[in-house]
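Here is the structure we will look at, set down as structure tokens.
Just so it is clear, none of the values below were taken in a lab; they were calculated from the coordinates. Please read all numbers here as calculations on a predicted model, not as lab measurements. Glycine also receives a Cβ, built like all others from the backbone with ideal geometry; neighbour counts cover every protein chain displayed.
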Amino acid sequence: MKVNSTFVIGGEEIYRQAIDEEYVTRIILTKLYIDNLQFDAYFPRLGSEWSRVITSESDKNKEIKGIDPESGIYFEISKYERLKLENNNH
């Protein structure tokens, strides 16, 4: 059975395990900007093998961002892709 998309809903260690898998090639990341709250776990920093996807200058204005009308929380949704590295087989 072929799976095209899988969504991972954290904890920090679950996220880390998922992004370390080579078959994970794309991330759709939602950032929430919340003042005055304390958290004990975070999405791991993405390494240099990940690149934010902006296919054209006009895409910068097409990113999904705004304020949730019910909660008043500001959010941004960004896409990242894993860079393809050349295989160095010796």
The correct count of residues that are farther than 20 Å from residue 65 by Cβ and over 13 Å from the mean Cα position of the chain (by Cα) in segment 21-43 is 8
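Filter segment 15-44 down to residues that are of a type in the set (Phe, Trp, Tyr) and under 17 Å from residue 84 (Cα atoms), then give me how many there are. If you could, list the steps in order and put the result at the bottom.
Start the filter on segment 15-44 by keeping residues that are of a type in the set (Phe, Trp, Tyr), which leaves 15, 23, 33, 39, 42-43.
The next check asks that each one be under 17 Å from residue 84 (Cα atoms); those that pass are 23.
So the answer is 1.
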